[in-house]
Amino acid sequence: MSGYRLNSGGLVDRTKRLNFTFDGKSYSGFEGDTLASALLANGVSLFGRSFKYHRPRGVYSAGPEEPNALVTLRSGGRAEPNTKATVIELYEGLEAQSQNCWPSLEHDLLSINQLGGPMLVAGFYYKTFMGPTRKAWMFYEHFIRKAAGLGAAAKEADPDRYEKSNLFCDVLVVGAGPSGLAAALTAARSGARVVLADENPEAGGALLGESQDTIDGQPAQDWVAKTLAELTALPDVTFMPRTTVYGYYDHNILGAVERVADHLATPVNHQPRQKHWTIRCASVVIATGAIERPIVFDGNDTPGVMLADATRRFAQRQGVAVGRQAVVFTNNDSAYRAALDLKDAGVDIAAIVDPRNTIPDALTEAVQTRGIRLLSGHVVTGAKGGKRLKTVEVATFDAGSQSVGESKEWIAADTLAVSGGWTPTIHLASQAGDKPVFDDKIASFVPGKALQAWRAVGACNGDFGLADCLSAGSKAGAGAVEDAGFTSEATPTPDVAVPAHAGSGGSLYPIWEISRPSGPKGKKFVDLQHDVTAEDVRLAQREGFESVEHLKRYTTLGMAADQGKTSNVNGLALMAAALERSIPEVGTTRFRPPYTPVTLGALGGRETGHHLAPVRRTPMHDWHVKAGADMLTAGQWMRPQVYRKAGEDVFAAYVREAKAVREGVGMVDVSTLGKIAVQGPDAQNFLNLVYSNGFKTLAVGKARYGLMLREDGFVYDDGTTWRLGETEYLMTTTTANAAGVLAHLEFLLATVWPELRVQVTSVTEQWAGVAVAGPKSRATLESVIKDLDLSNEGVPFMGVQPGTLDGIPVLVARLSFSGEMAFEVYTGANYGAALWDKLMAAGEAFGLVPYGTEALGTLRIEKGHVAGPELDGRTTAKDLGLGGMASRKKHYIGRPLMEREALNEDNRLGLVGVISSNGKPLRAGSHLVAGQTAEQPGKSLGHVSSTTYSPAIDKFVALAMLEGGLEPNENRELFAADPLRGGHDPVQVVHPCFFDKDGSRMHV
Amino acid sequence: MSNLVYALEDAAQPGVYGAAGTEGPGVTISEHRPESMLQLGAWPDTQASFEALLASTLNLSVPSRPGLASVSSEGSLLVIAPGRYLLVSDKPGITQQLSGQIDADQGVVTDLSHARAGIRMTGRNAADVLRKGFAIDLDIRKFPVHSVAQTTFHHIGLTLHRTDETTFELFIFRGFALSFWEALTDAALEYGYQVAGAGQ
């Protein structure tokens, strides 16, 4: 066992033991552990295999920057790949699996990839694509996909809830470390609404677990607790732990994910697992801290090599020693604190290796007091050990000439704590700001100019000292509330005391990569997660990919799930060195959201399953469902397709239903038709302008079919409009175009004819409608409507009259879509179900049959009535045989462009009917051709739009659009060609009205 | 059985659902069935006289701008756009009364009594439930009592009226009412919700 739990220290609750498994093996840890700390405490050092080379990897960090220790958390539908062991909070029963290894983590066969290394260099995929032949990819793809990649997504549905919500505030503070807390406190004291979000389960940031720093004379941790208590006591402050603000979008809108129940095995009490927050705020304080940077050397990915501050955090927060004997390799002061704290916690520090010759006195004294060996003017040239670090190779370093000496010593160690300085976490600032600016003092980038209302403070702004963080935070909090319209009083800057040896990361000597002057040239990793080496960066440069954007895409540096949190700056530095330019000259890649990965569940929220999209139901919906109708969607509406009887298929059902209408009586739910109230003194004039046919002469109590054109002269929509009063009209539209027609009318009233006193209102939902059709429809209605004369004189064709149907107020309109004598009965939607029931009961004596959309279609096709498939936006009134509906006497929308030459050519596609000559069904979408065989169909002469079997004439028929229309083609034999689905069947061209051409059946 | 069947009659079954907390359900939800919902519209040049007529007939002062409501014993008048109002009233005969008073030169009355389903939601978590569906700041200082908004929740259009700090009345297109109810109650699960009988 190499790692262990320290006897004391840490924020874990040692009385609460938690059991968990990793790769099926049982372990235990404490409440307050992360998966990484618990495994380290159990002596586990091998966490996973690397992306390309399948090299053994351990824990590299203690936070969200973790490139190595990626595991699949949970199992089954709850499995989540690529979660970082360093941020997974331990819970009872946690299950985790290692990734990217087979057959096991210990014995991974694909680790042989390490030997084939040169093949897997930068640009591997591009080179393979362009390989010996293009077919190379086809051959290799299967194997490459098997071998590469991180964890696998679960194939089962996730049983947990994910939700989305909205949040508003004056000031959002991202990060609850010292800077963020100071900012939030100042902002909150002004009375502003403040949201303080932090990705960790607790506030404190770098002060979490800090035992030596003091603020205003009290331990820093107490200051954190006191500040948080003051904040959370205020009604307008919301503290959101476990909440990652991942994206900064326009108008100060930020995206955040709250991991509500990720720290539990399963969410309890209807909690979502995660909740996505869209945060809108006046001002933002970005206090996201900094991430420690590695140094690149041979074997720097060996398990046991990790960031220096991570070793300290495991000790401070979880009371875990990451090893027994450590070497610390640093180019700045900050890692000395790690060395000293580890030593004080009982870990043997074999040496501190520092390329600098001059080390501050406070540090050398502290080191000497503890008897730690300090190798200044030295560097680490290699780390060795396979699955666990065994030796650290050290050589002299001359800072003046920047030259590495011959390796002179191999130090035994199981841990190598590395610090190459600190990289500010500028993701959000970069998303909503100008180009980041290189700061020589810290050899990294700090936020550029803010392009939205934000301020970056603390370590993410390059200020690493605690006192600086607190005063900058407070100042930013004050500025932020002022942006939001509040006045702020200055918060006194607290007195800060930190130990003399608490050096900051700003004191560094920039060194990026250590190369031995001679000897072995092993792999030196820049991007640990994507296995990009220093040599890959140089190869990219040699092959011409010098721009940082090209470097990223060619080598995949910085592209993985960690988005290069530990590798970007080092990669840039190496490219700069290869180009012999400075880092700012080479540039930096900008960050896009998300800062850390966001689950698809959080982005989808509750829009899954039957919540995917809303469903629109008519008042009679439940009856249709109870009657066993096949329900189909029509836009968002649900409509009955057919009411199948036992043993019937859809065909048999709609044929029976359509026949019943022709022979007796049927009824159909037409509540979905668009309905628009057109009201006002100028309503008639308005209708006359929007329809192509005249509306000036429509009398009260009558309906008229209207054809509406678009401005470009093509047909837009059709329907009947009923005149209910002097200035009151009810316009009906097709189901599909209801919203569009309303918007069209509103647009015209708002912009074209604002002087017209007309109001249009959607009343689709106000009315339930039933069409009662067939020779017995009148008798059926007469049996239940007693206060209305339903004779041809009382309600003539196109007549509209109010009445009462067994106590229900109704409007009866004599309209026919089916070609039979028919009535549409409308009532208030809340009466719809009762109306339907009463009509069904009344119809029983007449053999009434309910029919669905399929029979509705059959009846209208038999009559040659056009609908959606014909009103497809490419047809004119003339094309559809409705030229007579286009008035020559008045102006209306669409008339000028309808008269264009091209819309009046003789060879335009015109509406015809076709009858299958061989008795086979026709398919919509088939092309009409003259060629006799499928092999030689000839050119398309048109297409079939609506098809059905016609019970009335016992044939398969269709409406079609044919070049030249009916006149030159009548009785012509053509073929309906359907090359994609197969089929080449003879048809005869006929008039589109297949049945009762003179309309005698509806005028009785 | 009544001839009237309301959109949420089957869905809104009284009971307590969702998370159980020590404080009891976070919201109470019920179907709200006003007698009448009327859209009233003035012409640009008649808005002042139209509002005067509404004020005297409904015994209230018409709010000065869209996004506000005024309430009296005659009903709630929601200003939904310049010169456009939604009257929600339980007064019998109000439709006929206003239709008689408002001639076409003055403005129009459009009956939407059947076109909307009403829902009333009240309780300490009412705003928490609603903000899951739309991005309107429901802080009482930003959206005070008798504020009105037209927005969408789960892709469904609705009109929202805050009647007190923790109570909201929602008017939804009838055809979407059940889908809306499912989405709303789903959003309320984590706080726990009680369904009360209609009109309570």
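The values are calculated or read from the model by the stated rules, or taken from the named source; none is laboratory data. Please read all numbers here as calculations on a predicted model, not as lab measurements. Here the Cβ is made from the backbone with ideal geometry for all residues, glycine too, and neighbour counts use every protein chain on show.
Would a scan of segment A:597-614 turn up a residue that is in contact (Cβ under 8 Å) with a residue 12 or more places away in the chain, under 16 Å from the mean Cα position of the chain (by Cα) and under 30 Å from residue A:541 (Cβ atoms)? Yes: segment A:597-614 contains one or more residues that are in contact (Cβ under 8 Å) with a residue 12 or more places away in the chain, under 16 Å from the mean Cα position of the chain (by Cα) and under 30 Å from residue A:541 (Cβ atoms). Number of residues in segment B:161-192 that are under 25 Å from residue A:639 (Cβ atoms) and of a type in the set (Gly, Ala, Ser) equals 4.
For segment A:833-855, enumerate the residues that are touching a helix residue (DSSP H, G or I) at 6+ places or on another chain (Cβ under 9 Å), of a type in the set (Gly, Ala, Ser) and within 14 Å of chain B (Cβ to nearest Cβ). Hit for segment A:833-855 is A:833, nothing else. Regarding residue A:706, is this residue outside the structural domain of residue A:835 (by TED's automatic domain parsing), in a strand (DSSP E or B), at positive phi and among the small types (Gly, Ala, Ser)? Against the criterion (outside the structural domain of residue A:835 (by TED's automatic domain parsing), in a strand (DSSP E or B), at positive phi and among the small types (Gly, Ala, Ser)), residue A:706 does not qualify. Counting only residues that are farther than 20 Å from residue A:770 by Cβ and at pLDDT 95 or above, segment A:634-643 holds 0 of them.
Scanning segment A:488-532 for residues that are assigned to a strand (DSSP E or B) and farther than 17 Å from residue A:574 by Cα yields a total of 2.
Output the residues belonging to segment A:642-667 that are assigned to a helix (DSSP H, G or I) and farther than 27 Å from residue A:815 by Cβ. Correct list: A:651, A:652. Among the strands (runs of 3 or more DSSP E) confined to segment B:1-71, the ones with at least 2 residues that are closer than 27 Å to residue B:142 by Cβ and more than 11 Å from chain A (Cβ to nearest Cβ) are located at B:27-32. One residue alone among A:185, A:172, A:196, A:228 is surrounded by fewer than 23 Cβ atoms within 10 Å (Cβ to Cβ) and aliphatic (A, V, I, L, M), and that residue is A:228.
Residue-by-condition table, conditions (1) surrounded by fewer than 15 Cβ atoms within 10 Å (Cβ to Cβ); (2) assigned to a strand (DSSP E or B):
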| position | (1), (2) |
| --- | --- |
| A:906 | yes, no |
| A:910 | no, yes |
| A:922 | no, no |
| A:928 | no, yes |
| A:937 | no, no |
| A:943 | no, yes |
| A:946 | no, yes |
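No other residue among A:808, A:785 is within 14 Å of chain B (Cβ to nearest Cβ) and either closer than 30 Å to residue A:1001 by Cβ or among the basic types (Lys, Arg) (or both) apart from A:808. Please specify each residue of segment B:72-92 satisfying the condition of being surrounded by fewer than 20 Cβ atoms within 10 Å (Cβ to Cβ), part of a strand (DSSP E or B) and not hydrophobic (A, V, I, L, M, F, W, C). Correct list: B:72, B:84. Residue pairs whose Cβ atoms lie under 7 Å apart, sitting 6 or more positions apart in sequence or on different chains, and linking a residue in segment A:536-548 that is in contact (Cβ under 8 Å) with a residue 12 or more places away in the chain and more than 13 Å from residue A:571 (Cβ to Cβ) to a partner that is among the small types (Gly, Ala, Ser) and surrounded by fewer than 20 Cβ atoms within 10 Å (Cβ to Cβ), are A:543/A:123.
One line per residue, one yes/no per condition, for (1) in contact with a His (Cβ under 8 Å, 6 or more places away or on another chain); (2) aliphatic (A, V, I, L, M); (3) over 30 Å from residue B:102 (Cα atoms):
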{"residue": "A:581", "(1), (2), (3)": "no, no, yes"}
{"residue": "A:599", "(1), (2), (3)": "no, no, yes"}
{"residue": "A:605", "(1), (2), (3)": "yes, no, yes"}
{"residue": "A:608", "(1), (2), (3)": "no, no, yes"}
{"residue": "A:619", "(1), (2), (3)": "no, no, yes"}
{"residue": "A:626", "(1), (2), (3)": "no, no, yes"}
{"residue": "A:638", "(1), (2), (3)": "yes, yes, yes"}
{"residue": "A:681", "(1), (2), (3)": "no, no, no"}
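Conditions (1) at pLDDT 95 or above; (2) over 30 Å from residue A:749 (Cα atoms); (3) more than 14 Å from every other protein chain (Cβ to nearest Cβ), marked per residue:
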| residue | (1), (2), (3) |
| --- | --- |
| A:616 | yes, no, no |
| A:627 | yes, yes, yes |
| A:679 | yes, no, no |
| A:694 | yes, no, yes |
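Strands (runs of 3 or more DSSP E) fully within segment A:48-109 that include at least 1 residues being at pLDDT below 95 and in contact with an Asp or Glu (Cβ under 6 Å, 6 or more places away or on another chain): A:94-98. Looking across segment A:817-832, the residues that are within 11 Å of chain B (Cβ to nearest Cβ), in contact with a His (Cβ under 8 Å, 6 or more places away or on another chain) and not small (Gly, Ala, Ser) come down to A:830, A:831.
Of all the residues in segment A:791-839, those that are assigned to a helix (DSSP H, G or I) and either within 47 Å of the chain's Cα centre (by Cα) or acidic (Asp, Glu) (or both) number 9. If you check residue A:798 against the conditions, is it hydrophobic (A, V, I, L, M, F, W, C), at positive phi and away from chain B (no Cβ under 14 Å)? Criteria met by residue A:798.
For residue A:870, indicate whether it is touching a helix residue (DSSP H, G or I) at 6+ places or on another chain (Cβ under 8 Å), away from chain B (no Cβ under 14 Å), among the charged types (D, E, K, R) and surrounded by 20 or more Cβ atoms within 10 Å (Cβ to Cβ). When the stated conditions are applied, residue A:870 does not pass them. Among residues of segment A:687-709 being out of contact with any strand residue (DSSP E or B) (no Cβ under 7 Å at 6 or more places or on another chain) and not polar (S, T, N, Q), the one that is farthest from residue A:895 (Cα to Cα) is A:696. Against the numbered list (1) in a loop (DSSP other than H, G, I, E, B); (2) over 25 Å from residue A:878 (Cα atoms); (3) free of Cβ contacts under 8 Å to residues at least 40 places away in the same chain, residue A:672 comes up short only at (3).
With respect to the conditions (1) away from chain A (no Cβ under 14 Å); (2) touching a residue at least 60 places away in the same chain (Cβ under 8 Å), residue B:101 falls short on a single one, namely (2). Filtering A:712, A:717 for residues that are surrounded by fewer than 20 Cβ atoms within 10 Å (Cβ to Cβ) and either more than 13 Å from chain B (Cβ to nearest Cβ) or touching a strand residue (DSSP E or B) at 6+ places or on another chain (Cβ under 7 Å) (or both) leaves a single hit, A:712. Among strands (runs of 3 or more DSSP E) entirely within segment A:222-300, having at least 2 residues that are within 14 Å of chain B (Cβ to nearest Cβ), over 22 Å from the mean Cα position of the chain (by Cα) and β-branched (Val, Ile, Thr) singles out A:237-240. Within segment B:159-187, the residues that satisfy the criterion of being hydrophobic (A, V, I, L, M, F, W, C) and within 9 Å of another protein chain (Cβ to nearest Cβ) are B:173, B:176, B:177, B:178, B:180, B:183, B:187. State all residues of segment A:629-655 that are of a type in the set (A, V, I, L, M, F, W, C), buried (at least 17 other Cβ atoms within 10 Å of the Cβ), away from chain B (no Cβ under 14 Å) and within 27 Å of residue A:737 (Cβ to Cβ); if no residue qualifies, say none. Answer for segment A:629-655, where residues must be of a type in the set (A, V, I, L, M, F, W, C), buried (at least 17 other Cβ atoms within 10 Å of the Cβ), away from chain B (no Cβ under 14 Å) and within 27 Å of residue A:737 (Cβ to Cβ): A:629, A:642.
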